[in-house]
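Okay, structure first, notes after.
Any read-out appearing in this document is the output of simple, stated calculations on the displayed coordinates, not a laboratory observation. In this text, all values refer to a predicted model and were calculated from it rather than measured experimentally. Don't worry about glycine lacking a Cβ; one is built from the backbone with ideal geometry, like all the others, and counts go over all protein chains shown.
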Amino acid sequence: MTARAKPDGVRGEVVPLRPALLKDRAAAEYMARSASWIRAARAIDTKLRREGKEPTGPRWITIGQSVFYRLQDLDQWIAQNSVDRGVVTFANRGAGGAETDDPGAAT
């Protein structure tokens with residue numbers, strides 16, 4: 001028995017695959033958040049749904065007893081909740097200062 005010869009230079013192509021579903025830890029990492037943040041967001045959304053209110057966190061699905069996040073749902077949540085060049089208020093700035101959101105404002 002002889003080994004089959006492969007044509008010179010021909011190799012199999014490696015194609016990266018995006019997973020269709022992510023568990024909470026992987027979904028949190030995808031969003032640059034902690035696993036506890038995404039679990040807390042899901043708990044808040046569960047409470048809001050029981051109260052008849054609109055959920056605010058990323059959409060999830062269940063299959064059996066497992067919770068999964070779809071990549072397109074995470075991407076959509078990020079797009080809907082992101083603010084381009086948004087202002088972040090820092091807790092250590094002190095109170096009563098003459099701070100403003102306008103970086104060009106005179107103090």
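What FRET efficiency comes out for the pair residue 50/residue 73, r = Cβ-Cβ distance, R0 = 30 Å, nearest 0.05?
After rounding to 0.05, the efficiency reads 0.90.
Once you list every other residue whose beta carbon is under 13 Å from the beta carbon of residue 49, what net charge do they have if Lys and Arg are +1 and Asp and Glu are -1?
So the environment of residue 49 carries a net charge of +2.
So between residue 11 and residue 92, what do we pick up on full extension, going 0.36 nm a residue minus the alpha carbon distance?
23.4 nm
I need the phi-derived Karplus couplings for segment 48-53: 6.51 cos²θ - 1.76 cosθ + 1.60, θ = phi - 60°, integer Hz, Gly and Pro marked x.
Those phi angles translate into 4, 5, 4, 7, x, 9 Hz.
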